[in-house]
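Participant: There's a structure below that I have some questions on.
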Amino acid sequence: MKVRGARAEGPSAWMVVPALAFFLVFAVLPLLGVVFLSFTNWNGLGAITWAGLESWQTALTDSVTMNALIVTLKIMVYSLVVQVPISLLLGVFTAGTQRYRAVLAVLYFVPLLLSSAAVAIAFKALLDPNLGMGPGLGLPFLAQNWLGSADLVLFVVIFVIAWQFVPFHTLIYQGGVRQIPASFYEAAQIDGAGRIQQFFHITLPQLKYTIITSSTLMVLGSLAYFDLIFVLTAGGPGYATRLLPLHMYLTGFRANDMGAASALGVILVVIGLGLALVLQRLGGKNRSSSQLEGA
Amino acid sequence: MRTTTSLLSAASAITLALGLAACGSSGPADPAADSDSPTMWALTGSSENIFRSSVEDWNEANADDKINQEFFANDAYKTKVRTAVGAGEGPTFIYGWGGGVLKSYVDAGHVSDLDQFLADNPEVKERYIPSVLENGVIDGKTYALPNNNMQPVVLYYNKQVFEDMGVEPPETWDDLMALVPEFNEAGIAPFALAGQSKWPNLMWLSYLVDRIGGPEVFQAILDGEEDAWSDPAVIEALTKIQELVDAGGFINGFSSIAADAGADSALLYTDKAAMMLHGGWVYQNLKNDAPEFVESGEVGFVPFPEVEGGAGDPANVVGNPANMWSVSSTASDQQKESALKYLKDGLFNEEYTQAMIDSGAVPAVNGIEDQLAASDDKDFVEFVYGLAQDAPSFQLSWDQALSPAQGDAMLANLDQIFIGEITPEEFADNMNATLGK
């Protein structure tokens, strides 16, 4: 009787069904399928044969996998280092109310509207050393071997990723900053704090959870970068930008080794879960409680 | 408890419904063709118009055997068709390259054996140049028939640039190396190369290995013989490639250039590069992209140079003998029957062959000398026809001939050779590890 009463207060449990069904069909079932495939041999065409740990051995002992893992981590770390400060500052800046900021904010957000494939194709054309923007604008220093040099290509990739995703994170920070009560700043002003002091003593601490949310998205996003890099460099030159998701795709659909590709997929899931948990921890126990006054 | 059970059954019902919805067939259907019509997936690009008009004419004349045709871009197609064929949802006409991929279809039983059809219709078999037809044969049975042109890799050059410099196209590797500093001094890149696409690099390796060691070297690799990649001919070829790179043989930033938009050919016809090693299909693309360059007769072409002291016959060619149609074994009987009718009467009929020649391509069929001689592109088409017919060996592009796993590793490692990241010995070690995969 008591249970029934309690249930009547909240929404019906039935409302969870659509989400649960989608989650089962599009997340849990494929995941189980991938775990199963990682213990088999399959070229995508013929019969699926049990292979035990063979695919795992292939995936784990292959030097290309280790390289792909390092490339993925590099891109993840550099993405954080480049994107967090830029999007934080832009977010704080665009959170102001003057009209010109609204115009600038719209401009900043334009890259967000483009698909990754379009961004990659555009940059590929711009960066062409013979027909791209270097010779086009008559600026010889722009005519580098941007995508063909193993030393440069990673930085080009990080730049293009930042160009595409900074607007998204700027939007998150803008929202975060706008939630900070104006009374904090008013109090600080009365105490004689300058803009920079206000930034470090009010804005930054108040944005702690926004930073964690945005960084979580960046870290997990960099585990999933695929389309942009696939179109821009196809993992090359050599293996210089073949990061884990791309390595998984090429192993599965280019080299037709579905077993090893599935093992790589499982590794990606495990790394992603691990990182998400670590970042959640960093947020502290009260991460879900509100920071707003009176709440 | 009751709630839980019904919740679960509701969830499973939804799951089932979603699963069924996902199984429905996809893709736009031609309203003129019904579900029993054969389907054909072809590639966009050089031969697209020929495939398109051939099927349009066929559908008009054969109301009962209409073909449902769709076009895809090269890389996207290669992935899509394999997935579809693996799922038993492939097209009736499977477009292919022969080699390792065709073999994997045959091994999995996804393509029909055409031996009986060829025995019943001997004229179909006689139509083709035997060395090209051979490419669709796996374990003595024919599984694919050529559907377009012979695409040997040739050395294109810019006649105007050569004339201005007062030099001749290279006949030997030493000639080629001697030309490199001359062009560099004149501020013209000796060779255009789309290194970012990786596969254009392969044309250099396969020709050099063939010239130095003959076709047996690659045959040993195909057969998976132990340490086959360490053959001295492979090492020497890779060393020569690195010497050419170090001498400045390729245009600056070549490893940033992609082939898909034709940026490499553009360097040739804008006089920025003097030469380019590329497939026969480039001529068709040049006719589209730079008609004035082709019409003014500025595009020159010669066979790949001889390597002094090499064991390979300098008349050998590498490239793609032709693309091919296979017939899916999972198609319905009605679809197969219509497909075979088309292979017999629609493919390489008179209009088809003529349209192909008009586009600047050389169909992989016999007895077209007169038509070639009457072509606007006489010089090129006769050159290619002669090259292919006289070749003691016409080797399929290695990335298609090898298994996909080996092909992928080979292109990535060769890329590293071109940018100087690994040595020829490291290349051989890395590739030996993939033998048999």
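Participant: Give me the pairs: first residue in the range A:55-77 and among the acidic types (Asp, Glu), second residue in a helix (DSSP H, G or I) and open to solvent by less than 80 Å² (accessible area, probe 1.4 Å), beta-carbon distance under 8 Å, and six or more apart or on different chains, which are they?
Facilitator: A:62/A:260
Participant: Only one residue in B:102, B:118 is in a helix (DSSP H, G or I) and more than 28 Å from residue B:435 (Cα to Cα), so which one is that? Outline the logic, then answer.
Facilitator: Details: B:102 fails: more than 28 Å from residue B:435 (Cα to Cα).
Answer to the check: B:118.
Participant: Considering each residue of the range B:238-263, count those that are assigned to a helix (DSSP H, G or I) and either more than 18 Å from residue B:410 (Cα to Cα) or more than 12 Å from chain A (Cβ to nearest Cβ) (or both), and give that number.
Facilitator: First, the residues of the range B:238-263 that are assigned to a helix (DSSP H, G or I): B:238-246, B:254-256, B:263.
Narrowing further to those that are either more than 18 Å from residue B:410 (Cα to Cα) or more than 12 Å from chain A (Cβ to nearest Cβ) (or both): B:238-246, B:254, B:256, B:263.
Matching residues across the range B:238-263 total 12.
Participant: For the range A:78-104, how many residues meet the condition of being among the aromatic types (Phe, Trp, Tyr) and in contact (Cβ under 8 Å) with a residue 12 or more places away in the chain?
Facilitator: Taking the range A:78-104 first, the residues among the aromatic types (Phe, Trp, Tyr) are A:78, A:93, A:100.
With in contact (Cβ under 8 Å) with a residue 12 or more places away in the chain added as a condition, the list becomes A:78.
Total satisfying the criteria: 1.
Participant: So, in the range A:139-181, exactly how many residues are over 27 Å from residue A:227 (Cβ atoms), within 14 Å of chain B (Cβ to nearest Cβ) and not hydrophobic (A, V, I, L, M, F, W, C)? Before you say what the answer is, go through the steps one by one.
Facilitator: Initial filter on the range A:139-181 (over 27 Å from residue A:227 (Cβ atoms)): A:139-141, A:176-181.
Next cut, within 14 Å of chain B (Cβ to nearest Cβ) only: A:140-141.
Now narrow it down to the ones that are not hydrophobic (A, V, I, L, M, F, W, C): A:140.
So the answer is 1.
Participant: For the range A:226-268, how many residues are assigned to a helix (DSSP H, G or I), within 23 Å of residue B:419 (Cβ to Cβ), more than 8 Å from chain B (Cβ to nearest Cβ) and of a type in the set (A, V, I, L, M)?
Facilitator: 6
Participant: Where in the range B:365-437 are the helices (runs of 4 or more DSSP H), entirely inside, with at least 2 residues that are open to solvent by 40 Å² or more (accessible area, probe 1.4 Å) and either among the aliphatic types (A, V, I, L, M) or in contact (Cβ under 8 Å) with a residue 12 or more places away in the chain (or both)?
Facilitator: Details: elements: B:369-373, B:378-390, B:398-401, B:404-418, B:424-432.
It comes to B:369-373, B:378-390, B:424-432.
Participant: For the range B:331-381, what are the residues that are small (Gly, Ala, Ser) and on the phi > 0 side of the Ramachandran plot? Break it down into steps so the answer makes sense when it comes.
Facilitator: First pass over the range B:331-381, keeping only residues small (Gly, Ala, Ser): B:331-332, B:338-339, B:346, B:355, B:359-361, B:364, B:367, B:373-375.
B:360, B:367, listed by residue number.
Participant: Restricting to the range A:187-235, give me the number of residues that are open to solvent by 60 Å² or more (accessible area, probe 1.4 Å), touching a residue at least 60 places away in the same chain (Cβ under 8 Å) and among the polar types (S, T, N, Q).
Facilitator: Residues that pass the stated criteria total 0.
Participant: Search the range A:169-186 for residues being of a type in the set (Ser, Thr, Tyr) and surrounded by 10 or more Cβ atoms within 10 Å (Cβ to Cβ), and hand back the single one that is nearest to the chain's Cα centre (by Cα). Step through it out loud before you land on a result.
Facilitator: As a first pass, look at the range A:169-186 and keep what is of a type in the set (Ser, Thr, Tyr): A:170, A:173, A:183, A:185.
After this cut, where a residue has to be surrounded by 10 or more Cβ atoms within 10 Å (Cβ to Cβ) as well, the list is A:170, A:173, A:185.
Numbers: A:170: 14, A:173: 16, A:185: 32 Å.
The qualifying residue nearest to the chain's Cα centre (by Cα) is A:170.
Participant: Next question. Scan B:139, B:75, B:64 and give me the residue that is over 24 Å from residue B:357 (Cβ atoms), modelled with pLDDT under 95 and either open to solvent by less than 40 Å² (accessible area, probe 1.4 Å) or within 14 Å of chain A (Cβ to nearest Cβ) (or both). Quick ask: steps written out before the conclusion?
Facilitator: Values: B:139 fails: either open to solvent by less than 40 Å² (accessible area, probe 1.4 Å) or within 14 Å of chain A (Cβ to nearest Cβ) (or both); B:64 fails: either open to solvent by less than 40 Å² (accessible area, probe 1.4 Å) or within 14 Å of chain A (Cβ to nearest Cβ) (or both).
Criteria check complete, one pass: B:75.
Participant: Scanning for something of a type in the set (Lys, Arg) and away from chain B (no Cβ under 14 Å), does the range A:182-199 turn up at least one residue? It would help to see each step written out before you state the result.
Facilitator: Let us first name the residues in the range A:182-199 that are of a type in the set (Lys, Arg), namely A:195.
Among the residues that remain, those that are also away from chain B (no Cβ under 14 Å) are: A:195.
Yes: the range A:182-199 contains one or more residues that are of a type in the set (Lys, Arg) and away from chain B (no Cβ under 14 Å).
Participant: Pull up the range B:264-292, narrow it to residues that are part of a strand (DSSP E or B) and hydrophobic (A, V, I, L, M, F, W, C), then point me to the one that is nearest to the other protein chains (Cβ to nearest Cβ).
Facilitator: B:273
The values are calculated or read from the model by the stated rules, or taken from the named source; none is laboratory data. Here the structure is a predicted model, which is why all the values come from computation and not from measurement. Note that each Cβ is placed from the backbone with ideal geometry, even for glycine, and that neighbours are counted across all protein chains shown. We work out accessible area using only protein heavy atoms, side chains counted, and drop any ligands, DNA or RNA first. Shrake-Rupley method; radii C 1.70, N 1.55, O 1.52, S 1.80 Å.
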